[in-house]
Amino acid sequence: MTESTMVQALAAGAISLAVLGSASAAPVVVNKEVILAEHNKYRAEVGVPPLIWSDKLAQGAQRWADTIAAVDQMKHSGTSGVGENLAYWKGSTSSLGTLIGQWGAEKQLFKFGTFPDVSRDGKWLSVSHYTQIVWRQTTEVGCGVGHSAGKSDFLVCWYNPQGNYMGKVPY
C-alpha cells in the first residue's frame with residue numbers, strides 16, 4: 001500500500017454525522033444544481049475552479065447511498081479511484097445545503113499546509129471532507145441520496161480525481 005493510498009484509506013474513516021430530533025421530514029432528493037452550487041461556493045472562496053457534474057460518479061454514489069441506507073449504517077464504499085464524502089441526517093429540516101454544510105463547516109479547523117498537516121487540531125480527519133471539496137485537482141462530482149426505513153438521509157458524493165494526497169497542498 002502506497003503512502004497516498006494509505007491516506008485515502010484512512011480518510012475513509014471520516015464521516016459527517018448529525019442527529020437532530022426524531023420528527024419525520026420529507027426526504028432529501030438529488031438536485032445537481034444545488035449540489036454544485038454548495039460545493040462551488042467553498043471552491044470559489046479559495047480561488048479554485050468550479051466542479052462539474054458527472055452522471056457516472058452520481059450513478060455509483062447513488063448505488064452506494066442506497067446500499068448504506070438499506071442497512072441504516074454509515075460506511076465508506078472503498079471504491080478505488082474516487083474521493084468519497086458521506087453525510088448522515090436523522091430528523092427534521094434536512095436539506096442538501098445542511099448536509100454539504102457539515103463538510104464545509106470543517107473549514108473552521110482548516111489551516112493551509114501540506115497534507116496531512118492541514119488542521120489546527122493536528123488531526124487531518126477533522127478537515128478531510130472540506131479538503132476533498134476544495135482539492136484543486138478535483139474537477140468532477142456526482143452524488144446520491146439514500147433513505148432508510150428509520151427516516152434517515154444518507155448523502156454520498158464521489159469526486160474525480162480524488163483528493164487528500166500525502167505531501168500535496170489542497171489548492
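Here are the numbers:
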| item | result |
| --- | --- |
| Residues being within 17 Å of the chain's Cα centre (by Cα), surrounded by fewer than 22 Cβ atoms within 10 Å (Cβ to Cβ) and of a type outside the set (D, E, K, R) - total across the stretch 120-143 | 4 |
| Within the stretch 86-95, tally of residues that are part of a loop (DSSP other than H, G, I, E, B) and open to solvent by 30 Å² or more (accessible area, probe 1.4 Å) | 3 |
| Checking Val71 against (1) farther than 19 Å from Tyr165 by Cβ; (2) aliphatic (A, V, I, L, M); (3) open to solvent by less than 70 Å² (accessible area, probe 1.4 Å); (4) more than 16 Å from the chain's Cα centre (by Cα), the condition it does not meet | (3) |
| Residues of the stretch 30-74 satisfying the condition of being in a helix (DSSP H, G or I) and of a type in the set (D, E, K, R) | Lys32, Glu33, Glu38, Lys41, Arg43, Glu45, Asp55, Lys56, Arg63, Asp66 |
| Candidates Thr98, Thr114, Thr138, filtered to the one that is β-branched (Val, Ile, Thr), outside any strand (DSSP E or B) and at pLDDT below 95 | Thr98 |
| Which listed residue is surrounded by 14 or more Cβ atoms within 10 Å (Cβ to Cβ), closer than 26 Å to Val28 by Cα and out of contact with any Ser or Thr (no Cβ under 9 Å at 6 or more places or on another chain), from Gly83, Gly78, Gly104 | Gly104 |
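The values are calculated or read from the model by the stated rules, or taken from the named source; none is laboratory data. Please read these numbers as outputs of a predicted model, since none were measured by experiment. Virtual Cβ from ideal backbone geometry, glycine too; neighbours counted across all protein chains shown. These accessible areas exclude ligands, DNA and RNA; they are computed on the full protein's heavy atoms, side chains included. Shrake-Rupley method; radii C 1.70, N 1.55, O 1.52, S 1.80 Å.
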